[in-house]
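Chemist: Here it is, the structure, as C-alpha cells.
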C-alpha cells in the first residue's frame, strides 16, 4: 500500500475530497432548507391561501394583499429603473468611456452597489416618505427598490454592451450610420439578451428585499389590496417576516407556505432570465 | 277632504324622501351606511393584535374603508402622530411631555382612550410548595444582568427556600412582553440575564414550567388562564403584601408593577372624518370581546362606557369648535 500511495498522492486525494465536500456543502444545506420548507409549506397552499386577506387567525389568513403588493412593486420598479439603468449604462459604455465625469460616476455606482439595503431604507424614509411626502406608499417603496437595484442593472447592461464586438460598430459606421443609429439598431439589439437577463435578476432581487421596506413603514396590516401607486402596501417578504414573528404555530406554517410562493416567483424569474440568455445567444452569431 | 288627505300624504312622503336623501348626502355615521376612505394607525406592537383584530372585524361591516395598522412601536408611532401623519396611535404607555409638545406645535389636539390592560403572570410548577409569593426586589435579584451565572439556587433568593437549582423561563427577547417585564422589574427595558430558557412560543414555556419542579417563569396572564391546571401562580409583592394577578387586581391596579394599561390616541383632525369616527366607536364597542380573544384583560363595562363618553365628548367639542 505504501508503495502505491506516496504522501503526495494522499495529499492529492485529500485535496480532491475537501473540494468535493466544499462544493456539495452549500448544495446540501440548500436541499435540506428547501425540503424542510416544502414539507411544511406545500400542504398549506390552497386557492384560499392566495385569495384571503390577512387575519389574526392563522387558518383564515392569506397572501392576497402582499402578493398584489409584490406585483405592483415589480411593475413600478421596472418602469422606473429600466429606462434610467439602461440609459446610464449606454452613456457610460458608449459615450463617456474616457471622460472624467464618467469615471467619477463609475466609482460611485460601484460604491452604491455595496451599500447595505437598510441604508437605502433610511435614505428613502427621509427623502421619499417625508420630504417628498409620498408616505409609506407603493411609490415610495418602488423608488427605494429602484435605487437599490439601479447599480445591478447598470453593471449588467454595461457587461452586455461590452460583449458586442467592436467590428459590428465599425461596420455600422462604415455604412454611414450615426452613433445613435448604431446604438439603436446594432448594439442594443445584440446586447438585449444580456440586458434583459440583468433586468430580471435585478427585479427578482428587488421583490425579495425586506429591510428597506420595513424601514419606510411597510410593515402593516391592511384590509384591502392597493389600487393605485399612492396606496399603502405590503409585500411577500414583509408578510413572511410578520408571520414568523408571531408565536402561534399556525403562522409559522403560513410563513413557510409564503416562502414557497416567493421562491417559486424568484425561480420562475430566474428561469426566464436563463431562457432568454440562451435564446439570444443562439440568435446572435458574431 | 279626500284631495287634502291625498295632498297631505304626498307632502309627508316627499318630506320623508327628502330626509332620506339628505341623510345620504350628509354621510351620517350610522352603521347601515357604507363608508369609504381610510384610517391609518401605527404604534405599539403590544396593542397591535387588538387593533388588528378590530380592523379585521370592522372590515366585515365597512368593507370599503381601508384600515392600515403599522407597528413602529409606541414612541415611533407618537412621532408620526405628532406630525399628523396618522389618524390613531396605539400606545402601551401614556403620551410623554415632548410628544405632547410636538403634537401641539403642529396644532394637533388628541384624546387618549383606554382600551385594555396587559398583565404578566409569574408562574412556578404546581409541585413547588415554597414559592407562593415573591417581592419585586427578589424578582430583580433573579433577573437582572448581574445575576447571570451567580443566582443559581432557590436559597440564594430567600434563605428558607430549598438548596435546589432554579430554572428560568421567559418570552424571547424580541417580544414586547420581555421588554415590559425587564422594564418593570430590572428597571431598564431589554436588559436581563441571558441564561434562561427563552421562547417566542408561549406553549413551550408552559410545557417547560409544567414539567420542571424548580422552574420559575413569566408570560402573559391569558396564557396562565388557559393552562391553570398545569401551573401555579405566584403573588407579587410590591411593598403592600403579595397580590395575585386576576381580572380584578389588574383592573384596580393593585397588581403592580406587572400590569399596564393600553391606549389608543385619536387625532382631532382625523376625528372629523366619519370613517374614523365609526372605526373608533366600533373599536370601543367591540374591544372587550376581542381583547380577551387576543390575550389581554378587558375593561369593565363602566370603564368602557366612560371611554366612550370621553370619545363622544371629544368629537362634539371639536366639531363644534370648527
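Values quoted throughout were computed directly from the atomic coordinates according to the rules given, and no laboratory measurement underlies them. All figures in this text were calculated on a predicted structure; none of them were measured in a lab. Counting neighbours? That spans all protein chains shown, and the Cβs are built from the backbone with ideal geometry, glycine included.
Chemist: Assign one of three labels to the range B:214-280, namely rounded, prolate or oblate, based on the Cα gyration tensor with a ≥ b ≥ c the square roots of its eigenvalues; rounded applies when a/c is under 1.5, prolate when it is not and a/b is larger than b/c, and oblate otherwise.
Modeler: Since a/c reaches 1.5 and a/b is larger than b/c, the shape of the range B:214-280 is classed as prolate.
Chemist: OK, next. When the chain is fully extended, how far beyond the present Cα-Cα distance does residue B:101 get from residue B:165, taking 0.36 nm per residue of separation?
Modeler: Taking 0.36 nm per residue and subtracting the Cα distance, the gain is 18.0 nm.
Chemist: Something else: Once R0 is set to 51 Å, what does the formula 1/(1 + (r/R0)^6) return for the Cβ-Cβ distance between residue B:300 and residue A:11, expressed as a FRET efficiency to the nearest 0.05?
Modeler: Calculated transfer efficiency: 0.05.
Chemist: Per-residue mean of other chain beta-carbon atoms within 10 angstrom of the beta-carbon, peptide B:202-208?
Modeler: 1
Chemist: Next question. Summarise the partner chain shielding of B:49-58 as one whole number: the mean count of Cβ atoms from other chains within 10 Å of each residue's Cβ.
Modeler: Taking all residues of B:49-58 together, the mean is 3.
Chemist: Can you give me the angle between helix B:176-185 and the longest principal axis of chain B, using Cα atoms only, in degrees from 0 to 90, rounded to the nearest 10?
Modeler: In chain B, helix B:176-185 runs at an angle near 60 degrees to the longest axis.
Chemist: Give the average over all directions of the projected area of the C-alpha convex hull of the range A:62-114, one decimal, in nm².
Modeler: For the Cα atoms of the range A:62-114, the hull's average projected area reads 4.6 nm².
Chemist: A further question follows. Take the Cα radius of gyration of the range B:119-259 and divide it by 2.2 N^0.38 Å, with N its residue count; two decimals is plenty.
Modeler: So the range B:119-259 has a normalised radius of gyration of 0.94.
Chemist: How far, in nm, would the chain grow between residue A:131 and residue A:59 when pulled straight, counting 0.36 nm per residue and subtracting the alpha carbon separation?
Modeler: 21.9 nm is the gain from fully extending residue A:131 to residue A:59.
Chemist: Related question: State the volume of the convex hull built on the alpha-carbon positions of the range A:1-159, expressed per residue in Å³ and rounded to an integer.
Modeler: 235
Chemist: Still on this structure, I have one more. Based on the Cβ-Cβ distance from residue B:230 to residue B:190, what FRET efficiency comes out when R0 is 45 Å, to the nearest 0.05?
Modeler: 0.95
Chemist: Based solely on its DSSP helices, what 222 nm [θ] is calculated for chain B when runs of n ≥ 4 H residues each add -39,500 (n - 2.57) and the sum is averaged over all residues, nearest 500 deg cm²/dmol?
Modeler: Helices in chain B give a 222 nm mean residue ellipticity of -13500 deg cm²/dmol.
Chemist: Build a GNM of chain A with springs between Cα atoms under 10 Å: which of A:259, A:42, A:154 gets the top mean-square fluctuation?
Modeler: A:42
Chemist: Report the residue, chosen from A:153, A:107, A:17, that carries the largest GNM mean-square fluctuation when chain A is represented by alpha-carbon nodes joined by springs under 10 Å.
Modeler: Among A:153, A:107, A:17, the largest mean-square fluctuation in the Gaussian network model of chain A belongs to A:17.
Chemist: Let me ask you something else. Would you mind telling me which residue in A:34, A:269, A:47 has the biggest mean-square fluctuation in a Gaussian network model of chain A, where springs connect alpha carbons within a distance under 10 angstrom?
Modeler: Among A:34, A:269, A:47, the largest mean-square fluctuation in the Gaussian network model of chain A belongs to A:47.
Chemist: Give me the compactness ratio for the range A:47-283, meaning the Cα radius of gyration over 2.2 N^0.38 Å.
Modeler: Ratio of Cα Rg to 2.2 N^0.38 Å: 1.16.
Chemist: Of the peptides B:221-229, A:18-26, A:195-203, how do they stack up when ordered by the mean number of other Cβ atoms within 10 Å, highest first?
Modeler: Highest-to-lowest ranking by the protection proxy: A:195-203, B:221-229, A:18-26.
Chemist: Between residue B:94 and residue A:245, what is the label-to-label distance in nm when each label sits 7 Å out along the Cα-to-Cβ direction?
Modeler: 2.8
Chemist: In deg cm²/dmol, rounded to 500, what helix-only [θ] at 222 nm does chain A give when every DSSP H run of at least 4 residues adds -39500 (n - 2.57) and the total is split over its residues?
Modeler: When only DSSP H runs of four or more count, the value is -23000 deg cm²/dmol.
Chemist: Still on this structure, please answer the following. Could you state the principal axis extents of the C-alpha atoms in the protein assembly as shown, from the largest down, to the nearest angstrom?
Modeler: On the principal axes, the protein assembly as shown reaches 110, 92, 47 Å in Cα extent.
Chemist: Also, quick follow-up: Only residues of the range A:126-160 count here: report those whose backbone N is under 20 Å from the spot 7 Å along Cα→Cβ of residue B:269, or say none.
Modeler: A:126-137
Chemist: Here's a follow-up. Could you tell me how many degrees, from 0 to 90 and to the nearest 10, lie between the Cα long axis of helix B:2-26 and the main elongation axis, the longest principal axis, of the Cα atoms of chain B?
Modeler: 40
Chemist: Still on this structure: Relative to the first principal axis of the alpha-carbon coordinates of chain B, what is the inclination of helix B:48-61, with its axis defined by its Cα atoms, in degrees from 0 to 90 and to the nearest 10?
Modeler: On a 0 to 90 degree scale, this one is about 30.
Chemist: Same structure again: Taking each residue of B:64-74 in turn, how many C-beta atoms of other protein chains fall within 10 Å of its C-beta, and what is the average?
Modeler: Per-residue shielding by partner chains comes out at 5.
Chemist: Across bins of 20 angstrom width beginning at 0, how are the C-alpha pair distances of chain B distributed, in whole percent?
Modeler: For chain B, the binned pair fractions read 28, 46, 19, 5, 1, 0 percent.
Chemist: FRET efficiency for residue A:227 and residue B:33, Cβ-Cβ distance as r, R0 = 25 Å, nearest 0.05?
Modeler: 0.70
Chemist: Tell me, what are the semi-axes, in whole angstrom and largest first, of the equivalent ellipsoid of the range A:67-160 as set by the roots of 5 times the Cα gyration tensor eigenvalues?
Modeler: After scaling each eigenvalue by five and taking roots: 26, 15, 11 Å.
Chemist: Let's test this: bin the Cα-Cα distances of the range B:182-322 at 10 Å from zero up to the farthest pair and state each bin's percent.
Modeler: Once binned at 10 Å, the Cα pair distances of the range B:182-322 give 9, 30, 30, 19, 10, 2, 0.
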